[in-house]
Structure formats: C-alpha cells, structure tokens
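Enquirer: Following this message is one structure expressed as structure tokens.
Read-outs: derived from the displayed coordinates by stated rules, not from any lab. Just so we're clear, the structure is a prediction, and the values are computed from it rather than from any experiment. Every residue, glycine as well, gets a Cβ built from its backbone with ideal geometry; the counts of neighbours run over all protein chains shown.
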Amino acid sequence: MKMNRYILFCLSHILLLSCQGQSKSSNVSKDSIYVNSKMMDQQELMQTSILSKYGKDNGYNPLSYQDFQNRCMEYWGLSLHKEPKDYVLSIGGYTEYTINEWGRFLYTEAENLFYQPEIDGEPTKEDARKMLYDKENGIADKFLAYNKLLFNDNITTLSFFIRNPEYAIDVVFNHDYERNKILTARSIDFSKKTTDYSVYRDNTEKVLFYNNRKRGFRRNLINEIYLSCNKTQETMAPFDDLVYAYFKQFKQLNYPQDVKDKCLVHLLKCLIEYDRN
C-alpha cells in the first residue's frame, strides 16, 4: 500500500462520529468587521484620492459598485454597504488588508500612507504620495498587482506573483482567487516548498474552505493539490499533511457540520483513489 491506512481509518471514524451531533456556527461580531468610523478622516480622503489616481494611471479599472460588491462577497463573504460608506473596512482577522468602498479597491498594507513616524509633525499629502511611489518599499507594485488581479482578472499581474511566491500563495489560499489556472498551479507548487508544508499544516481552514461560507469547501483547489501530489509516496506527503491537519482540527473548525462532512468525504475519496493506484 502506498499510504498509511491509519489516516483512512481515523477519517472514517470522524465521519461516523460527526453524524451524532452538529457543530454550532457563530456570527462574526460587527466590531470585528467594521473599523471605527473615526478612521474616516481627512487622511483617508487624501489616501483614497492618491491610490485611486495611481491605480487608474497604471491600468486598474475600478468595477461598478455592484460588481465590486459581488467580488467582495465571492472572495471574502463580505457584505458591503448598499452605497459607499467606509474608507477602511476590515475583511477579517486573518489579514490586515482592508476594503475601500469609495475607491473600490483593496488596500494591501497594515498602515496607511500617512503613517510615517520618522517625520516631525503631520505628514502631508505629498509625503503620502512619495511613500506610495517609493519603489524600494514595494507598496505600489503590490497594491496594483492585487487589485488588477482580483477585480480585473488582469493576467499581466502573473509576473509579479511568480516573482513573489508568498503573495501567490496569499492571493490563492487566503483570498480565494481561483480564476486563473496558471496562478493556482504555481501557488500550489510554491506552497509545497514551504518548510514542513507549513501552508497546509498552519492554514488548513483557508486551504479547505472558502471565506464565504455559503460556497462550502474548496473542491477544485483540493483536486488540484491532490493531482499535483499523487505521483509517488514522497510527492504525496503535502497532501497527507493536509489531511492529517484536518483530522486534528475537525472538531474545532467552526463550519456547519454538513460542510465539514462533505469535505471529509471528498478527502477520503482522494485517499482511496491514491491507495488503489
């Protein structure tokens, strides 16, 4: 046998036990989603203007607000206001990136452009603009690549993500971008090169489930990971680690029981198929 039957036994046992009870899903508190309204000050207005101009000048085409809402729901399960209201809207505790409803873009840094403690006094709009245009810090390139990919499906951004494996992994695994097969394949390749397959061990939930819980588990991504691993026992190690991590975290994962069960069944099918080959 190519794989350890112990894993199959454990997963089957979990599936049987899961039929005896249902896990409770909890609602994310409003405070964890919406950043304090005091952040909507003059600096945010100026930052929105700076970033919007930079994006448009460099090929980013803002979607209509409705289409932007749809993408935010698809990627993050995030429901925006009916009309633009927030300049800084958190998309979840797993990332420091924020949504700007007015600018219709994703801001990809933890601190805003006016956070420049090395400057005496309050940074000006020009200081913020210089921060963005400083090529050494990489803020502009990252901002542009994420937004042109996530909202424009612009394939010219692939070179950026291939040059930066950590961002390729991030945009596919953490932000659920699955619209480009080449990028998905490369992100999987990159993820298998992380130390001890840490992406699969430490981010099991992000790998297996969509941020938008209504979308269920990530069947297509799981299939792609499996197909990239099922050549030999050695190359199967990342997938085995993913399955084992799920086995250990199954009860703690805060997803509807039927969704967890369906994911479990799919993983079992992959393992059984591999065992038969």
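Enquirer: Using 0.36 nm per residue of separation minus the Cα-Cα distance, give me the extension gain between Glu118 and Glu166 in nm, one decimal.
Expert: Length gained between Glu118 and Glu166: 14.5 nm.
Enquirer: Separate question: Among residues other than Gln47 whose Cβ falls under 12 Å from its Cβ, what is the net charge (Lys/Arg +1, Asp/Glu -1)?
Expert: It works out to a net charge of -2.
Enquirer: Using the number of other C-beta atoms within 10 angstrom as an exposure proxy, rank Ile99, Ile119 with the fewest first.
Expert: Ile119, Ile99
Enquirer: Hey, what do the phi angles of the stretch 160-175 turn into as Karplus ³J(HN,Hα) couplings, whole Hz, using 6.51/-1.76/1.60 and θ = phi - 60°, x for Gly and Pro?
Expert: Result, rounded to whole Hz: 4, 6, 5, 6, 10, x, 5, 7, 4, 4, 4, 5, 7, 7, 8, 10.
Enquirer: Under a plain spin-label model, where a point goes 7 Å from the Cα along Cα-to-Cβ, how far apart in nm are Val265 and Lys142?
Expert: Between Val265 and Lys142, the label points sit 4.1 nm apart.
Enquirer: Could you tell me which of the pairs Lys82/Lys251; Lys142/Lys248; Lys85/Lys142; Lys53/Lys192; Lys125/Lys181; Lys56/Lys192 are separated by over 28 angstrom between their Cα atoms in the structure shown?
Expert: Lys82/Lys251; Lys142/Lys248; Lys53/Lys192; Lys125/Lys181; Lys56/Lys192
Enquirer: Quick query: amide H of Ser90 versus all other amide H atoms, modeled in the peptide plane; which residues come in under 5 Å with a sequence gap of 5 or more or a different chain?
Expert: Amide H neighbours of Ser90: Val35, Ile99.
Enquirer: Where does the charge balance sit around Pro165 when Lys and Arg score +1, Asp and Glu -1, over other residues with C-beta under 12 Å from its C-beta?
Expert: Local net charge: +1.
Enquirer: If you don't mind, another one. Tabulate in residue order the Karplus-calculated ³J(HN,Hα) for the stretch 124-136, using 6.51 cos²θ - 1.76 cosθ + 1.60 with θ = phi - 60°, rounded to whole Hz; enter x for Gly and Pro.
Expert: These are the phi-based 3J(HN,Hα) values: 8, 4, 5, 4, 5, 4, 5, 4, 5, 7, 6, 5, 5 Hz.
Enquirer: Given 0.36 nm per residue, what is the gain on full extension from Ala110 to Gln257 after removing their alpha carbon distance, in nm?
Expert: The span from Ala110 to Gln257 would gain 49.5 nm if fully extended.
Enquirer: Between Ser159 and Leu45, what is the FRET efficiency for a Förster distance of 30 Å, r being their Cβ-Cβ separation, to the nearest 0.05?
Expert: Calculated value: 0.35.
Enquirer: According to a simple spin-label model (label point 7 Å from Cα along Cα-to-Cβ), what is the distance in nm between Lys130 and Asp275?
Expert: 6.4
Enquirer: What is the ratio of the Cα radius of gyration of the chain to 2.2 N^0.38 Å, where N is its residue count, to two decimals?
Expert: So the chain has a normalised radius of gyration of 1.12.
Enquirer: Using amide H atoms built in the peptide plane, which far-off residues or other-chain residues are under 5 Å from Arg218 H to H?
Expert: Phe209, Tyr210
Enquirer: Tell me, how many Å apart are the Cα centres for the stretch 188-257 and for the stretch 70-96?
Expert: 25
Enquirer: If the only charges are +1 at each Lys and Arg Cβ and -1 at each Asp and Glu Cβ, what is the size of the charge dipole of the stretch 182-257 around the Cα centre, to the nearest 20 debye?
Expert: In total the dipole reaches around 400 debye.
Enquirer: Rounded, prolate or oblate: pick one for the stretch 172-225, where a ≥ b ≥ c are the square roots of the eigenvalues of its C-alpha gyration tensor, a/c under 1.5 means rounded, and failing that, prolate if a/b is larger than b/c, else oblate.
Expert: oblate
Enquirer: With charges only on Cβ, +1 for K and R and -1 for D and E, what is the dipole size of the chain about its Cα centre, in debye, rounded to 20?
Expert: Here the chain has a charge dipole of around 1300 debye.
Enquirer: Follow-up question, since we're still on this one. Given a Förster distance of 30 Å, report the FRET efficiency between Ser79 and Gln249 from their Cβ-Cβ distance, rounded to the nearest 0.05.
Expert: 0.65
Enquirer: Shifting gears a bit: Which ordering of Trp102, Trp76 is given by a fewest-first count of other beta-carbon atoms within 10 Å?
Expert: Taking fewest neighbouring Cβ atoms as first place, the list is Trp102, Trp76.
Enquirer: Taking only C-alpha pairs under 8 Å that are 6+ residues apart, what is the relative contact order of the chain in percent?
Expert: Here the relative contact order equals 23 percent.
Enquirer: Calculate one ³J(HN,Hα) per residue across the stretch 184-198 by plugging θ = phi - 60° into the Karplus curve 6.51 cos²θ - 1.76 cosθ + 1.60, and present them in order as whole Hz with x for glycine and proline.
Expert: So the J values, rounded to whole Hz, are 4, 4, 5, 5, 5, 4, 4, 5, 6, 9, 6, 4, 6, 6, 4.
Enquirer: Among Leu45, Ser90, Pro62, whose Cα lies farthest out toward the positive end of the dipole of the stretch 31-152, if unit charges sit on the beta carbon of Lys, Arg (+1) and Asp, Glu (-1)?
Expert: Pro62
Enquirer: Using the count of nearby Cβ atoms within 10 Å as a rough guide to exposure, how do Arg71, Arg213, Arg276, Arg104 rank from fewest to most?
Expert: Arg276, Arg213, Arg71, Arg104
Enquirer: Using a cut-off of 14 Å between beta-carbons, work out the net charge of the residues near Asp127 (Lys and Arg +1, Asp and Glu -1, Asp127 not included).
Expert: Residues near Asp127 contribute -3 overall.
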